[in-house]
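The values are calculated or read from the model by the stated rules, or taken from the named source; none is laboratory data. Small disclaimer: the values here were computed from a predicted structure and weren't measured. Here the Cβ positions follow ideal geometry from the backbone for every residue, glycine too, while neighbour counts run over all protein chains shown.
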Amino acid sequence: MLAERRGARIVRTRVEVQQQTAVGDAMVRGLVRAQLGLALRVALTVVCLLGAVPLISHLLPGVAGVTILGVPLLWIGLGAGAYLLLFAFAWLYVRLAERNEQDFTDITDA
Amino acid sequence: MDSPVPVLTVVGLVVAAVATVAIGVYGVRMARTTSDFLVASRSVGPRWNAAAISGEYLSAASFLGVAGLVAKYGADALWYPVGFTAGYLGLLLFVAAPLRRSGAYTVPDFAEYRLGQPWLRTLAMLVVAVICVLYLVPQFQGAGLTLNILLGLPGWVGVAVVGVIVIANVVGGGMRSITFVQAFQYWLKLTAVALPALVLAVHFAGDDRAVDEPLPPTVVDATTVDITVDVVVQVAEPLTVTVRGEVDARPVDGRITLAPGEHELAAGTELALDAGSSVPVVAGAPSDGAAWSSPGAGIGEGPQHHLFQVYSLMIATFLGTMGLPHVLVRFYTNPDGRAARITSLAVIALLGVFYLFPTLLGVFARLYVPQLLITGRSDAAVLLLPGSVLSGWGGQLLAALVASGAIAAFLSTSSGLLVSVAGVLSTDVLRGRVRDFRIAAVLAGVVPLLLALSVTSLDLSRWVGQVFGIAASTLCPLLILGIWWRGLTAVGAAAGMIVGGAVAGGAALLAVVAPFDPATAGGWPSVLSAYPAAISVPLAFSTMVLVSLATRSRIPVDVGRVFSQMHVPERLGLGRDRELGAFDDRHSATAVPEPQPVPDEHDRPGGTIG
């Protein structure tokens, strides 16, 4: 009995999205907003982190002069660290974006 | 540079070129219209796909240009490879999954899908064609430079040879962008750049020299440099050299002392540096090690407004990648939006690994082949390094490896670009038959070939950076606003692309054709024309938004359906794949049935194409 009712509701919520009823439209808008918010937050964080580098090394030349094993910190940061940073945030974004989509599917399947 | 032609290098070049062409021809036999590219490849896994994207993306600008820029400009130039990689983060965040779900495989296709206007498709197609043509120019020039350096051929011969090979290959139907070939290209290029870098690193570790001393770079042995184009160099301390030719517009033959400051060397001049002598560097580049290793020297436009140069470059590269046609079309080969995301993630990893090595090679180039800094043709650094540091077979083998990597880089990227632009032109302008594709390929190949022969020239990477700026000011706002903002209208999109394209394109044109004197108006004209993105990108976005708001009544009626398709996961069964136009029609004579868009079946697991 319960299983049957559940099945009926899945079809109905999917149809709501597919037919773009008011409910379906609101759900899609919610998903788009969540995904855009996530993308903007990640982009802003990365841009602030990378964007701060030229400014800091301009304002505080001493920081850029710091060396590790004879290699300037800036060269380590931009030559290798930046790629790790980009990958880490890309990985984080992929996980969170998939979770947003999972949440959306869960609603339609609920 | 006048050493006899090394046999191994010639072999490496020929093998790489023949292999690329042969695999292309053979691959076409296998792929036919079944289009590995559009249908079978929809099931290509993210790893192969990511290697293929990276293989096609890493062009002459990355393989040769990055090391050259690092050698010449130092710390600030590190932003080029970082930006080239960060572009894929922008692509991942804002474009990858929704674009794949839209089913559009090129930007013109997306424009029509999203805004429903065929004329907007045509406009976007024009922008794509311009970007492709401009992107091809540095590829051809890089090829000319490579053959000039390695074989001593005049520059135009190399440009013509590689240009003709690429055009003939694409016209003949070769070099379809077979996934596994492109994936192989990535690993070849990585090996060709990593192995010399690692070998030189070992050599460097046993060699007690530092790069960041407050001294100009020096040559170890007596070195003769031929100046092939007029160049202005700067000298940090009085320098005695033997010159035959023209210095500061006066004929010179014999030993002279160059006073600190700038000097003009005319084309055809021969400059002989004594062993241990310091090396003058091209004007606008940092002249001593300390200035080179710390930020603030600028990237080609001198220390004036260096922060603006860096930030503008960041904007251009972060946002420009998503507009590149040969990159976007590959995302279509992902089975679904989720795979498109994972592919972008893998591309970031692969590019990050690759770009570690050009940076290293750039540093070594400043140490071991500083004479390149005089002529300004520092793009040759990667090619010359192995031979000049290591003697004997080891050096020759490495040089041959690098040469084949370089030729692979030109051929793969330029063929990919030419296939993209010819596909777009033949379906959107001509009638999409096989013959039309060939006509389009010849036209789209000859124009950049002529440009490459007649225009000299920025550094390879800087030229590519300009093209990124144009893409970021035209196609990027169209994609981002089209995917995320329901209010975009066709008129708004067109206005934004025209304004952004005119500003960024006009600046690029000025920078190449009639460069400003850096002394004019506090340096702003030359800096702005070299790095226009910080102005042109916000301008394009705001034009697009404002004009769209003003034409609010013309928002497409089906925007809700389009948004659902782009953003709802495939498993809910809303997506669809578009009909295959541009890349399939030209072979449709060979009788494989056109794949049809699959009707919505929400019960199908794994999206519309299973």
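Structure summary
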| quantity | calculated |
| --- | --- |
| Checklist (1) under 23 Å from residue B:117 (Cβ atoms); (2) surrounded by fewer than 19 Cβ atoms within 10 Å (Cβ to Cβ); (3) touching a Ser or Thr at 6+ places or on another chain (Cβ under 6 Å); (4) modelled with pLDDT under 70 applied to residue B:551, failing item | (4) |
| Residue match in segment B:598-607 (condition: within 13 Å of chain A (Cβ to nearest Cβ), modelled with pLDDT under 55 and buried (at least 20 other Cβ atoms within 10 Å of the Cβ)) | yes |
| Check on residue B:333, buried (at least 24 other Cβ atoms within 10 Å of the Cβ) and either within 13 Å of chain A (Cβ to nearest Cβ) or assigned to a helix (DSSP H, G or I) (or both) | no |
| Helices (runs of 4 or more DSSP H) lying entirely in segment B:69-164 (those with 1 or more residues that are more than 14 Å from every other protein chain (Cβ to nearest Cβ)) | B:107-115, B:118-151 |
| Hey, residue A:38 in contact with a Leu (Cβ under 8 Å, 6 or more places away or on another chain) and either more than 8 Å from every other protein chain (Cβ to nearest Cβ) or of a type outside the set (A, V, I, L, M, F, W, C) (or both) or not | yes |
| Where residue B:420 falls short, out of the listed (1) out of contact with any Cys (no Cβ under 7 Å at 6 or more places or on another chain); (2) small (Gly, Ala, Ser); (3) on the phi < 0 side of the Ramachandran plot | (1) |
| Neighbours by Cβ (under 7 Å, 6+ apart or cross-chain): first from segment A:22-35, within 10 Å of chain B (Cβ to nearest Cβ) and in contact (Cβ under 8 Å) with a residue 40 or more places away in the chain; second among the small types (Gly, Ala, Ser) and buried (at least 18 other Cβ atoms within 10 Å of the Cβ) | A:35/A:97 |
| Those residues of segment B:130-146 which are surrounded by 24 or more Cβ atoms within 10 Å (Cβ to Cβ) and hydrophobic (A, V, I, L, M, F, W, C), in sequence order | B:131, B:132, B:136, B:137, B:140, B:143, B:145 |
| Count - residues of segment A:37-74 that are among the small types (Gly, Ala, Ser) and touching a residue at least 24 places away in the same chain (Cβ under 8 Å) | 1 |
| Leading residue by the ranking (farthest from residue B:96 (Cα to Cα)) among those in segment A:75-88 that are within 7 Å of another protein chain (Cβ to nearest Cβ) and in contact (Cβ under 8 Å) with a residue 12 or more places away in the chain | A:78 |
| Residue tally, condition more than 21 Å from residue B:338 (Cα to Cα) and surrounded by fewer than 24 Cβ atoms within 10 Å (Cβ to Cβ), over segment B:84-112 | 1 |
| Filter result (touching a residue at least 60 places away in the same chain (Cβ under 8 Å) and among the hydroxyl-bearing types (Ser, Thr, Tyr)) within segment B:476-532 | B:489, B:526, B:531 |
| Residue B:479 vs. criteria of a type in the set (A, V, I, L, M) and either over 24 Å from residue B:97 (Cα atoms) or assigned by TED's automatic domain parsing to the domain that holds residue B:66 (or both) | no |
| Any helices (runs of 4 or more DSSP H) falling wholly within segment B:465-556 and containing at least 3 residues that are of a type in the set (Val, Ile, Thr) and within 22 Å of the chain's Cα centre (by Cα) | B:490-513 |
| Residue among B:500, B:506, B:496, B:522 that is under 27 Å from residue B:107 (Cβ atoms) and modelled with pLDDT under 90 | B:506 |
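Residues are listed down the side, and each one gets a yes or a no for (1) of a type in the set (Asp, Glu); (2) surrounded by fewer than 21 Cβ atoms within 10 Å (Cβ to Cβ); (3) within 13 Å of chain A (Cβ to nearest Cβ); (4) more than 30 Å from residue B:101 (Cα to Cα):
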site: B:340; (1), (2), (3), (4): no, no, yes, no
site: B:347; (1), (2), (3), (4): no, no, yes, no
site: B:355; (1), (2), (3), (4): no, no, yes, yes
site: B:361; (1), (2), (3), (4): no, no, yes, yes
site: B:368; (1), (2), (3), (4): no, no, no, yes
site: B:372; (1), (2), (3), (4): no, no, no, yes
site: B:393; (1), (2), (3), (4): no, yes, no, yes
